[in-house]
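Heads up, the thing below is written out as structure tokens.
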2 protein chains.
Amino acid sequence: MRPGEIDEIRKLPLFAAMLPENFDALFRGAYVQSFPPQIELIREGDPADFLHVVLESSVELFATWNNRESTMATVAPIATFILAATIKNGPYLMSARTLEKARVILLPSADVRKIFATDTGFAQAIILDLAQCYRSVVKSHKDLKLRTSVERLANYLLRKDQQAGEQGHFDLRIEKRRLASYLGMTAENLSRAIRTLNGYGVEIDGSQVRITDRKDLAAFAKPTPLIDDPKC
Amino acid sequence: MRPGEIDEIRKLPLFAAMLPENFDALFRGAYVQSFPPQIELIREGDPADFLHVVLESSVELFATWNNRESTMATVAPIATFILAATIKNGPYLMSARTLEKARVILLPSADVRKIFATDTGFAQAIILDLAQCYRSVVKSHKDLKLRTSVERLANYLLRKDQQAGEQGHFDLRIEKRRLASYLGMTAENLSRAIRTLNGYGVEIDGSQVRITDRKDLAAFAKPTPLIDDPKC
DNA sequence: TTAGGGTCTTGATAAAGATCAAGCGAGGAA
DNA sequence: TTCCTCGCTTGATCTTTATCAAGACCCTAA
């Protein structure tokens, strides 16, 4: 681990309220590993032996069935993933792969379970983290069931613009075919959806997005905090 | 509350590990209410003032957006719902309505939050409950993104048959239009999907389902515990 | 008993989305 | 530089799903 990095991790909401001796014990058993791009870190169905913390680059969570594959989420540093599987001591429900060269901390799940059973601060933080994750998936589920693919794209762009400070322009920071899979459509249909949104004040050139008429886009997208506010 | 009922609630996994004095304090502030059918118990967007426990009948959780509506889940007794909103002290993400005449306990969210902050046993139970809920929604999300509507129906029938003891016949116990909404399709398409499955050993007459060739159905449905096992 | 309302089913049609095939264009390797 | 690869786009076509309309069925209330 790099100097100062452990302090940054200690400040993460999930770990900040732990007793210092428990934090130290947990991270004494940690492995820090570097992975090349496109490496499968975990495979769905495998036992959840480790809780993962992404330090650098980002990680894609995806699911497969019957030779089909779908991107479920991307995890950006510094954040954990697969907390629920660790807690339930169940199999991973999703696979994870690195997108670029990535550094990840592996925390033995057994240690995590042992510690949260006695450390109240840690237990509280886990509760908040899980509640947040749960609500995120519920929002994704509503997005998918209630909206068409063009509507999902429109709202995705509004969310990203807001996260980038409502500048009216930002970088997608994700390959289009992955974005398509995340949004529940094919790459071909994403291209067409982008063209449709050209008529509502959206211009996309490569990975550069420009929102020229946010009002028009919002009138089409009809965003609601109950689906689109990540903090809600 | 009826005699013995409180003891049954005390045995629920979510409450069993609480300190007795905390359980008593929590339920001193409880309201038991009876509701007629088709009553909206909570509306998405409202503040989560109460944690709900369904005692009798069942409750439908649904979401709306832009004049569209979708059934997200049904809650059968005895179980709680809207735990995550209570904990986050955030707005409900889903609405809930009674399907039949129902009895529900309302526990003030503020009391729940106060108690889980100090009661370790309760906190542990909440962690397990939330992890379970989270994994359930992830499974639903995979179901929706990776499968066609006929595949979703086929797997739904296999799950229900299994829950009914693999008798090969069971009652749907849900209106078809609600089932359609839950599975992410229209009522018309559910009818057609049923006809498609007639060719794979499924007969549905009214609400009575008969699986005449489970092997054939399973070969079509390709169930996997990573989507279809509710306990996994 | 009949009338009315709701659900469910069916058929015809429309829309949304997926698939297939071809070509473009940026970036990397020889 | 040229060639190759890969991601992206576009058009044509097909499949899946939704919508609209009509009729069947069932339950309930007058």
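Peptide A:83-89 has a mean of 5 when you count, residue by residue, the C-beta atoms of other protein chains within 10 Å of its C-beta. If amide hydrogens are placed 1.01 Å from N in the peptide plane, which non-local residues have theirs closer than 5 Å to the one on residue A:79? Counting only residues 5 or more places away or on other chains, the set is A:54.
From its DSSP helices (H runs of at least four residues, each -39,500 (n - 2.57)), chain A gives a residue-normalised ellipticity at 222 nm of -13500 deg cm²/dmol.
Overall shape: oblate for segment A:45-112, with the ratio a/c of the largest to smallest alpha carbon gyration tensor axis at 1.5 or above and b/c at least equal to a/b. Taking 8 Å as the Cα distance limit and 6 or more residues as the minimum spacing, I'd like the relative contact order of chain B as a percentage. This gives 19 percent for chain B. Annotation for segment B:1-49: trypsin sites (Lys or Arg not before Pro) lying in DSSP loop with at most 13 further Cβ atoms inside 10 Å of their Cβ are B:11, B:43. Placing a label point 7 Å from Cα along the Cα-to-Cβ direction at residue A:113 gives distances to the equivalent points in the other copies of 3.1 nm, listed shortest first. Over segment B:5-143, the hull volume per residue, using the convex hull of the C-alpha atoms, is 105 Å³.
Copy-to-copy label distances for residue A:66, where each label lies 7 Å from Cα along Cα-to-Cβ, are 2.8 nm in order of increasing length.
Find how many whole Å separate the alpha carbon centroid of segment B:29-79 from the alpha carbon centroid of segment B:96-138. Cα centroid of segment B:96-138 versus Cα centroid of segment B:29-79: 13 Å apart. Put simply, the amide H of residue B:51, placed in the peptide plane, has neighbours under 5 Å in B:107, B:109, leaving out anything fewer than 5 places away on its chain.
Here is how far apart the residue B:34 label points are across copies: 7.0 nm, shortest first, using a point 7 Å from Cα toward Cβ. Is segment A:100-170 rounded, prolate or oblate when judged by the Cα gyration tensor, a ≥ b ≥ c being the square roots of its eigenvalues, rounded requiring a/c under 1.5 and prolate requiring a/b larger than b/c? Prolate. For segment B:80-166, applying the loop criterion from DSSP together with a ceiling of 13 other beta carbons within 10 Å to the trypsin sites (Lys or Arg not before Pro) yields B:101. Taken residue by residue and averaged, Cβ atoms of other chains lying within 10 Å of the Cβ of A:120-132 number 6. Couplings 3J(HN,Hα) for segment A:78-87, derived from phi with the Karplus relation 6.51 cos²θ - 1.76 cosθ + 1.60 (θ = phi - 60°), are 9, 8, 9, 9, 6, 5, 4, 5, 4, 5 Hz, where x marks Gly and Pro. Stokes-Einstein diffusion for segment B:147-228, with the hydrodynamic radius set to the Kirkwood value over Cα pairs and evaluated at 37 °C in a medium of 0.692 mPa s, equals 263 µm²/s. With respect to the cross-link table entries A:142/B:176; A:176/A:231; A:215/B:145; A:222/B:114, which display a Cα-Cα separation exceeding 28 Å? Listed pairs above 28 Å: A:215/B:145; A:222/B:114. Taking amide hydrogens as placed 1.01 Å from N in the peptide plane, the amide H of residue A:202 sits under 5 Å from those of A:212, each at least 5 positions away in sequence or on another chain.
For segment A:184-190, 3J(HN,Hα) computed residue by residue from phi via the Karplus equation (6.51, -1.76, 1.60; θ = phi - 60°) reads x, 8, 8, 4, 4, 6, 5 Hz, glycine and proline entered as x.
A short reminder: the numbers here are calculations on the coordinates, not readings from a lab. Quantities reported herein were computed from a predicted structural model and do not represent experimental measurements. Glycine gets a Cβ as well: all are built from the backbone with ideal geometry, and neighbour counts include every protein chain shown.
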